[in-house]
Amino acid sequence: MRSCPERTNRSLLSNVLKRRNISIYPIGMKRAYDIRTPRGFLFSVTEAAIKKPGRKDLALIVSEVEASVAGIFTTNTVKAAPVRLCMQQIRSRRGQAIIVNSGNANACTGTRGMKDAQEMTVQISRCLDISPELTYCCSTGVIGTPMPMQRIIPAIGPLAGGLGLSSLADAAAAIMTTDTFPKVASRTISVTGRQGVIAGICKGAGMIAPRMATMLCFLITDIAVDAKTLQTALNNAVRKSFNRVTIDGDTSTNDTALIMANGVIGNRALKPTSRDYPAFQKALDDLTYELSRLIVKDGEGATKLVEVVVKGAKTEADAEKAALAIANSSLVKTAVYGNDANWGRIMAAAGYSYAKFNPDSTDIFFNKVQVVKNGVANNKDQEATKEMKKKELKITVDLHAGKASVSVLTCDLTEDYIRINAEYRT
């Protein structure tokens, strides 16, 4: 392998601490984001030609100091090697670095896959002079193909050597697969009079469905948070955001959401009883919801972002069942693509969700246009069709069975989705 730069972790980090005025926007990309980066984090990207040459496909996120770490992983029985490795390591609730590759999922690759994930972790840790137990490895891409370690390992040295020369948005671009744009967001909050930042990147455009975090997501903050509290906060945020998005109903083998909190702003570590914890939770909720919207907006072949709101449900569980059934329905999604206000498909999907409600008391709206009142047509199809042609559509179903409500994000289903996935390995 190409040798790592000979430096201690202290000197490696000190050499890049002066690089504070780098752009947070990828080269050639319009200044489309207003993003703040948390203090004490450094980034690097490089090319390893994992799937094909010509793009950056390795990313590195490093905290200058050890951080609290929390994570959520796919509930798919088939878990990729890096997911299984991360699940072992995160028991320590500590971390300092994340290495991510796109182009290859390292899933269904047997014992070789686990060895490759471990090797990536060991090699980058050696370059950074930190313990492998503090380094998390994540992968995304094609399932069932061995990792091209003959190209990845030689790229590890340059990846570590370039630490601090790249931005958070560069990292977001490097982890993309079928995504058409990098997904980056941040929030700024005050904690005990100090200004702290939470920022995140994610990737995902297909193979997106609830039951975990539905993609790769990496969140970082310079706010100190107790490790157990950080896990609780992440669980809460994911439940209301990433676990309520769906593009195609497929749950990936590689779904991972990780958050690192390095505490460099110097606050006392937040706990659930801390005065500023509610503000932290709200900021994290808002951030993950924004990232969720970006994922759905970039759904493979999508032309519209759709929000399905089920309200008036007897329980939150009932609302979620109905909303997910509607959002996952291919018939509903194709109707949205075709600008067809076919509310019957929505009613049918709510019915087979097994949520408890009376169809004869149900109302349905497309944006603010009511098309169903008390379970029957309201003769507003023409007005609803105009709403269907907009880039963003809100479908509201009022079950009039209680007070619970849930919102799920999805998109339309187009010919391009079929083309993209038919050609995924070619």
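The values are calculated or read from the model by the stated rules, or taken from the named source; none is laboratory data. Since the structure is predicted, the reported quantities are computational estimates derived from the model, not experimental observations. Heads up, the Cβs are rebuilt from the backbone with ideal geometry, glycines too, and the neighbour counts pull from every protein chain shown.
Taking (1) under 20 Å from K389 (Cβ atoms); (2) touching a residue at least 24 places away in the same chain (Cβ under 8 Å) in turn, A335 satisfies each apart from (2). Within segment 270-278, can one find any residue that is at pLDDT 95 or above, touching a helix residue (DSSP H, G or I) at 6+ places or on another chain (Cβ under 9 Å) and either of a type in the set (D, E) or surrounded by 24 or more Cβ atoms within 10 Å (Cβ to Cβ) (or both)? Yes: segment 270-278 contains one or more residues that are at pLDDT 95 or above, touching a helix residue (DSSP H, G or I) at 6+ places or on another chain (Cβ under 9 Å) and either of a type in the set (D, E) or surrounded by 24 or more Cβ atoms within 10 Å (Cβ to Cβ) (or both).
Quick grid of which residues meet (1) of a type in the set (S, T, N, Q); (2) at pLDDT below 95; (3) surrounded by fewer than 14 Cβ atoms within 10 Å (Cβ to Cβ); (4) touching a Ser or Thr at 6+ places or on another chain (Cβ under 7 Å):
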{"position": "A327", "(1), (2), (3), (4)": "no, yes, no, yes"}
{"position": "V336", "(1), (2), (3), (4)": "no, yes, no, no"}
{"position": "T362", "(1), (2), (3), (4)": "yes, no, no, no"}
{"position": "Q370", "(1), (2), (3), (4)": "yes, no, no, no"}
{"position": "K380", "(1), (2), (3), (4)": "no, yes, no, no"}
{"position": "V397", "(1), (2), (3), (4)": "no, no, no, yes"}
{"position": "T410", "(1), (2), (3), (4)": "yes, yes, no, yes"}
{"position": "I420", "(1), (2), (3), (4)": "no, yes, no, yes"}
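Comparison of D360, D416, D381 shows that the only residue that is more than 23 Å from L305 (Cβ to Cβ), touching a residue at least 12 places away in the same chain (Cβ under 8 Å) and of a type in the set (D, E) is D360. Among the residues of segment 75-86, is there at least one that is more than 16 Å from M215 (Cα to Cα), assigned to a helix (DSSP H, G or I) and either in the same structural domain as P148 (by TED's automatic domain parsing) or in contact (Cβ under 8 Å) with a residue 12 or more places away in the chain (or both)? Scanning segment 75-86, I find at least one residue that is more than 16 Å from M215 (Cα to Cα), assigned to a helix (DSSP H, G or I) and either in the same structural domain as P148 (by TED's automatic domain parsing) or in contact (Cβ under 8 Å) with a residue 12 or more places away in the chain (or both), so the answer is yes.
Among the residues making up segment 60-82, those that are within 22 Å of L128 (Cβ to Cβ) and of a type in the set (A, V, I, L, M) are L60, I61, V62, V65, A67, V69, A70, A81. Entry remark, segment 33-64: residues being modelled with pLDDT under 80 and either within 16 Å of N104 (Cα to Cα) or touching a helix residue (DSSP H, G or I) at 6+ places or on another chain (Cβ under 9 Å) (or both) number 1 in total.
Only one of the numbered conditions (1) under 11 Å from the mean Cα position of the chain (by Cα); (2) at pLDDT below 95 is violated by F218, and that is (2).
Could you please let me know if A97 is farther than 19 Å from L291 by Cβ and at pLDDT 80 or above? Considered against the rule, which asks whether it is farther than 19 Å from L291 by Cβ and at pLDDT 80 or above, A97 comes out as yes.
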